[in-house]
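Let me begin by presenting the structure, written as structure tokens, before commenting on it.
The values are calculated or read from the model by the stated rules, or taken from the named source; none is laboratory data. These numbers were taken from a predicted model, which means no experiment stands behind them. With ideal geometry, Cβ positions are generated from the backbone for all residues, glycine too; neighbour counts draw on all protein chains shown. The area values use the complete protein model at the heavy-atom level, side chains included, leaving out ligands, DNA and RNA. Shrake-Rupley method; radii C 1.70, N 1.55, O 1.52, S 1.80 Å.
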Amino acid sequence: MFTPNRFTYRSLEKIAQYYCRSRRWQSTSTEAHPAGGHLPSLSTSNFLKPTRESSLRTPGIRWVDEDTGHMRDIVSGRETRKMNMYQAIRDAMSIALTKDDTAVIFGEDVAFGGVFRCTMGLAEEFGRERVFNTPLTEQGIAGFGIGLASMGQTAIAEIQFADYIFPAFDQIVNEAAKFRFRSSGQFNAGKLTIRCPSMAVGHGGHYHSQSPEGFFMGASGIKVVIPRSPIQAKGLLLASIRDPNPVIFMEPKILYRSSVEQVPIDDYELPISRAETLIPGSDLTLLSWGTPVYHCESAVHMLSNTPDSLAPFVPSSLRSAKVELIDLRTILPWDVEAVTESVKRTGRLVIVHEAGRTGGVGAEISAEIQKRCFLKLSAPVKLVTGWDTPVPMQFEKFYMPDALRILDAVVETFGGVLRRLFVICT
Amino acid sequence: MTYRVGHHSTSDDSFAYRPRQEVEDRKRLDNPIARFRLFLESRGWWSADEEEALKTRLKDAVMRSFRRAETLKKPELHEMFTEVYGGEEPWNIKEQREELKGLLKKYGQAWEPWRNELKKYKGEGKELLED
């Protein structure tokens, strides 16, 4: 008698694609080459917190302490540990399983640690009744999670890649999102959290690179959260797990290994539906989430420290411009107040996302901002996005927004005004 | 129902998630490929020598194709926007191709990372500029 193999070609294809040649399943080393590829700007990013002090002072952090049951605001005596993003996510889930007896984790291959190792060792630590593999059926995973959540269990599901969330689309949009509304609040699937690796890595092709957050914008009832770093991932994931609504938690997979921070080891949350200003500025608002946040950081740097080769394209008058960079963090429902407040001050907005432009989140945000800030805007809202094609394996470098395209959009958004002023003045 | 008896790729150690014995059993017992080979051999239609020769020939052909493919350039850059739709090309695809064209005109040679990247493509992006 053979045990039917629960793997199919697809799941293994996915595993293989993201495993470096030399790596083995049980290794816990973090030193190896990043699974998803390198992101050069990460090594120098000021957004990653390399020290305990900066980590514990993460803006908006809310400590969730066991002894009082209340959230206290005490920094002293707390410790941090160096973690990459998958370790921080694992840490968050470990806390969820420890503190909440009803919490379970399930998905394809999660009992083995998951293809990105986010659940490494959790099955051994908490038992296979609480951390278990499912058959390869995303619709089944979502439906199972909705059922569990509606019965009061904390359901933490993993969809192995955000690209494969579409078979679960019906369950998420028609069941999870509408559960509360259609029962007039008698029932809900709020205890459901669906984690999924998303965004591009440089070699993922059509089915390992997508950013499907835009498809969920119309599904009121669910929330969509995208972290940018280990600290953010842990705090936002714990907040998502405990949020009274179903949350889709999209993890930019290139950051799993390549982003490293000192992460507080205690239980803490970061607020959902709150954007975070990473660089304050007064002349232009740059808005993004996930991986491109770091490309934005590079672009801002290139604006003030323009490389010689780009000097002809960046008027010297712009080099002292103060660009405000905001990480949106929650895509649905998004922090309209923070973005509006910023754009009212700066008069300019550039939105950067990896997903294609048409029907993308940027379109939704720019419509709302143009309504709220019309008289304050000095230039049209500009979008820097992937093109409206499938993510092309061979052409990814010229598909994804990079620092140069963002810089160009920033300069153009300033330039339009300068040209207009020029016309008025002459 | 199919079963893969090898590792998924050179980066996969499948014994981390399935017993070695299970794989060995699958190779031997009730394996339709093995059974078919035995059937052919029992009829005198196939032999171990022929099998070995076939393997060598196919492996050689695959490796030659592989090496050749590795030296080829990437397709022309404008192909990123083709075959999204059949028939008339929608305005958004057209305009986005124009947008990339504008960016390449501006920065394609000036910005080293792009200049180096463009060299990997057949035509180095020039066909897009001429479109």
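Evaluated against (1) without any contact (Cβ under 8 Å) to a residue 24 or more places away in the chain; (2) away from chain B (no Cβ under 14 Å); (3) open to solvent by 30 Å² or more (accessible area, probe 1.4 Å), A:Glu125 falls short on exactly one condition, (1).
Residues in segment B:79-118 that are basic (Lys, Arg) and either touching a residue at least 24 places away in the same chain (Cβ under 8 Å) or more than 8 Å from every other protein chain (Cβ to nearest Cβ) (or both): B:Lys94, B:Arg97, B:Lys101, B:Lys105, B:Arg115.
Would you please name the residue that is farthest from A:Leu404 (Cα to Cα), looking only at residues in segment B:60-86 that are open to solvent by less than 80 Å² (accessible area, probe 1.4 Å) and not hydrophobic (A, V, I, L, M, F, W, C)? Applying the filter and picking the extreme gives B:Asp60. From (1) open to solvent by less than 30 Å² (accessible area, probe 1.4 Å); (2) within 11 Å of chain B (Cβ to nearest Cβ), pick out the condition that doesn't hold for A:Cys373. The one condition A:Cys373 does not meet is (2).
Say whether the condition of being in contact with a His (Cβ under 8 Å, 6 or more places away or on another chain), in a loop (DSSP other than H, G, I, E, B), closer than 18 Å to A:Tyr164 by Cβ and not aromatic (Phe, Trp, Tyr) is met by at least one residue in segment A:221-242. Scanning segment A:221-242, I find no residue that is in contact with a His (Cβ under 8 Å, 6 or more places away or on another chain), in a loop (DSSP other than H, G, I, E, B), closer than 18 Å to A:Tyr164 by Cβ and not aromatic (Phe, Trp, Tyr), so the answer is no.
Highlighted here are the helices (runs of 4 or more DSSP H) found entirely within segment A:53-160 that include at least 3 residues which are more than 17 Å from A:Ile194 (Cα to Cα): A:85-99, A:122-126. Reported count of residues in segment B:9-52, each being open to solvent by 80 Å² or more (accessible area, probe 1.4 Å), within 30 Å of A:Gly114 (Cα to Cα) and modelled with pLDDT of 90 or more, is 2.
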